[in-house]
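What follows is a single structure, written as structure tokens, with notes after it.
Quick note: the coordinates plus some simple rules give every number you see, no bench work behind them. Nothing here was measured: the structure is a model prediction, and the numbers come from that model. Positions of Cβ are generated from backbone atoms using ideal geometry, with glycine treated the same way; all protein chains shown enter the neighbour counts.
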Amino acid sequence: MNTGEKPTAAKALMLLPALIVLGLFFTSVILLFSNAFVDRGGFSLKYFEQILSRPDYHVVFYRTVLTSIVVALLAVALAYPIALVLWRAEKNRNMLLIVVLVPWLVSLVVRTYGWIILLGPKGFLNAFLGWTGIIDTPLKLMFNDTGIVIGLTHVLIPFAVISILASLLSIEENLEEASRVLGASRLQTFRTIVLPLSLPGVFTSLMVIYLACVGAIVTPLLLGGITQKFVGSQIYQEVMATFNMSKAAAWSICLLTLSFVSLVVLKLIERRALRGQE
Amino acid sequence: MRKLTPMTRAAGILLLLMLPAPIVIVFGASFNGTGYIQFPPESLSLRWYVEAFTDPRWGRAVLTSLWIAAVTATLITAISFLAAYFTLRYAPRISSWLELAIFSPLFFPHASMGVAAVALMAGMGIVGTPWAIILAHLMVTIPFSYRPIHVALKSVDPDLIRAAEVMGASEMRALWDIVLPICRSGILTSLLFTGIISFDEVTVTMFLIGPDITTLPVQIFTFIQDDASPVLAAISTLSVVITFIAILVLERVAGLSFFVQRQSG
């Protein structure tokens with residue numbers, strides 16, 4: 001809707017509120033760095049040494065990354081069939097979309113609380129299995145990595161469904177028809193047309209879910225308990241329990257670096273996958 | 001592939017039904033008469049709802065979350081509209097730069113964003129006030145507000161604006177009578193979507209609460225850690241109902257097509 005007019009200075013003021021919000025955001029990032037790298041008025045790597053020199057913290061990073069990779073792959077794999085169903089359900093798509101959107105937008109805390117009721121030692125699942133006589137002692141489904149993976153995967157599947165569905169909906173119908181007319185089987189059509197063309201949605205999901213996982217606090221804290229530490233829960237403790245802002249900031253920067261490096265790796269994989277497409 | 005194989009279809013539908021499962025469980029638990037979860041449930045009662053409604057802490061948290069969501073959604077929608085309108089109409093060349101800046105918070109893990117937000121708000125001396133929460137929510141929601149508005153504004157034909165202005169309409173008049181009505185669904189999507197995000201945000205918000213102020217999700221989080229009384233199931237159900245209503249309104253007034261549009265341009 002560019003009308004080709006030159007803006008006046010007064011009109012440029014319309015940008016100001018957005019610039020203030022963005023300015024605040026970037027200021028907060030700068031403050032994060034200055035908190036982490038400055039000690040007693042000078043540049044210091046003290047807080048990073050405190051973190052990186054401890055083997056038990058290496059385990060925390062390792063667990064966070066590994067869990068996030070597992071969750072991202074699992075969520076995308078489970079979301080794909082759902083996206084296919086929504087893609088083909090032309091008439092009821094809006095209704096089904098609401099079934100996906102509600103769990104996506106309902107607060108993280110509420111969904112995690114649902115999993116606590118389900119998976120807890122005295123939870124629904126254990127009560128049910130005990131009642132049917134399948135088990136005698138409650139299964140340990142929570143306060144371990146299983147709980148974190150189940151919780152995070154469930155929390156993040158809806159996003160993957162929406163993102164993959166968006167990709168599927170942009171596929172031209174002619175392509176599929178052509179493939180069918182030329183004699184390709186259902187599986188061949190899926191493998192050569194549908195799957196490759198939905199890859200952008202798959203990679204977007206992997207990226208967003210991975211990022212949401214490494215930065216998660218609530219789900220790991222509630223479903224993982226205090227022993228299964230996550231980078232997010234560690235950050236939460238530094239701020240809320242030990243009030244060590246500098247160390248929390250250093251943790252946050254490690255987390256940022258970690259996500260950035262992972263994103264670059266993922267982008268390289270994506271480029272490879274999409275190149276082999278012609 | 002006009003039709004899915006029955007296997008794929010069954011798997012997809014089964015998985016789809018799993019998505020709301022924990023929410024349904026919370027709903028069921030909220031009507032449980034006994035103080036703990038059991039199967040099969042023994043008695044039905046509304047006592048947890050009575051408890052939730054008589055405890056003033058919950059009422060306060062619900063109201064706080066609602067008004068913060070309303071203020072956040074209104075402000076960020078206005079902010080995004082002004083910015084998108086200005087760049088698209090007068091400075092299309094800076095458009096991609098502005099988008100890059102606006103979408104950059106999306107690449108930030110929320111835990112890092114929370115710490116950065118505390119550092120900023122502590123520097124401004126406003127931690128524990130509603131303003132800290134609102135400012136943080138503006139930063140969290142700006143990409144989700146800008147996107148639908150930008151898409152809607154892009155579809156406005158510049159000739160319509162020119163025609164109006166040639167006929168003597170002021171810029172305000174053209175905005176009000178032409179641009180806004182065309183962008184109606186984009187603006188409504190932004191309002192409701194960011195309102196829902198703000199209402200349910202917890203990871204960044206929990207760093208910014210204080211003794212005088214807390215939001216509903218953060219208070220639920222605090223209570224789960226202390227003791228998981230079933231009153232939480234009742235209050236969680238209430239929070240689900242509010243979000244659900246907002247989504248239904250969104251579907252009614254603007255449709256859901258925004259969510260499944262391939263991001264282009």
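Put a plus charge on the Cβ of each Lys and Arg, a minus charge on the Cβ of each Asp and Glu, and nothing anywhere else: the dipole of the protein assembly as shown about its Cα centre is then about 900 debye.
When its C-alpha radius of gyration is set against 2.2 N^0.38 Å (N residues), the protein assembly as shown gives a value of 1.01. Quick one: Cα centre-to-centre distance for the range B:62-99 and the range A:148-181, in angstrom? Using only Cα atoms to place each centre, the spacing works out to 29 Å. Relative contact order of chain B, taken over Cα pairs closer than 8 Å and 6 or more residues apart, is 30 percent.
Helix B:6-18 axis versus longest C-alpha principal axis of chain B: approximately 70°, rounded to the nearest ten.
For chain A, hydrophobic long helices are taken as DSSP H runs at least 20 Å long by C-alpha position along their axis with mean Kyte-Doolittle hydropathy of 1.6 or more; these are A:16-37, A:145-169, A:195-214. Across all Cα pairs in the range A:17-57, the calculated P(r) in 5 Å bins from zero up to the longest distance comes to 6, 21, 17, 17, 15, 11, 8, 5, 2, 0 percent per bin. About its Cα centre, the dipole of chain B is roughly 860 debye, where the only charges are +1 on Lys and Arg Cβ and -1 on Asp and Glu Cβ. Relative to the Cα centre, the charge distribution of the range B:118-208, modelled as +1 at Lys and Arg Cβ and -1 at Asp and Glu Cβ, gives a dipole magnitude of about 60 debye. Exceedance of the 26 Å cut-off in Cα-Cα distance is limited, within the set A:K140/A:K267; A:K122/A:K229; B:K3/B:K154; A:K267/B:K154, to A:K140/A:K267; B:K3/B:K154; A:K267/B:K154.
For the range A:1-142, the spread of Cα positions along the three principal axes, ordered from largest to smallest, is 75, 57, 24 Å. Mind sorting A:I148, B:I13, B:I94 by how few other Cβ atoms lie within 10 Å of their own Cβ, fewest first? So the residues, fewest neighbours to most, are B:I94, B:I13, A:I148. Candidate cross-link partners of A:K46 among the aspartates and glutamates, defined by an alpha-carbon separation under 16 Å and a same-chain spacing of 8 or more, comprise A:E238. The calculated P(r) of the range B:148-246, using every Cα pair and 10 Å bins from 0, goes 13, 29, 20, 16, 14, 7, 1 in percent. Axis angle, to the nearest 10 degrees, between helix B:56-90 and the longest C-alpha principal axis of chain B: 20 degrees. Extent along the principal axes, Cα only, for the range A:159-198: 35, 17, 11 Å, with the longest axis given first.
Structural descriptor for the range B:112-218: relative contact order 46 percent, calculated from alpha carbon pairs under 8 angstrom and at least 6 residues apart. Once C-alpha pairs closer than 8 Å and six or more residues apart are averaged by separation and normalised to the residue number of chain A, the relative contact order reads 25 percent. Here's the list of aspartates and glutamates a cross-link from A:K11 could span, going by alpha-carbon distance under 15 Å and ignoring same-chain residues fewer than 8 apart: B:E171. Overall form of chain A: oblate. Here a/c, set by the Cα gyration tensor axes a ≥ b ≥ c, is 1.5 or more, and a/b is not larger than b/c.
Taking every Cα-Cα distance in the range B:1-149 and sorting them into 5 Å bins from zero, the calculated P(r) comes out as 2, 7, 10, 10, 11, 11, 12, 12, 11, 7, 3, 2, 1, 0 percent.
One-quarter of the Cα convex hull surface for the range A:110-252, in nm²? List each step's numbers first, then the result.
Values: hull surface 50.4 nm².
Averaged projected area of the range A:110-252's Cα convex hull equals 12.6 nm².
Dipole of the range B:56-260 (Lys/Arg Cβ +1, Asp/Glu Cβ -1, origin at the Cα centre): which of B:A136, B:I197, B:A254 lies farthest to the positive side? Of the listed residues, the answer is B:A254.
Say R0 is 51 Å: what FRET efficiency, to the nearest 0.05, do B:S257 and B:D212 get from their beta-carbon distance?
0.80
Using the Stokes-Einstein relation with a Kirkwood hydrodynamic radius computed over Cα pairs, the translational diffusion coefficient of the range B:56-260 at 10 °C and a viscosity of 1.306 mPa s comes to 86 µm²/s. Equivalent-ellipsoid semi-axes for the range B:41-104 (Cα gyration tensor, √(5λ), whole Å, largest first): 46, 13, 8. Taking Lys and Arg as +1 and Asp and Glu as -1, the other residues whose beta-carbon sits under 14 Å from that of B:A152 total +3.
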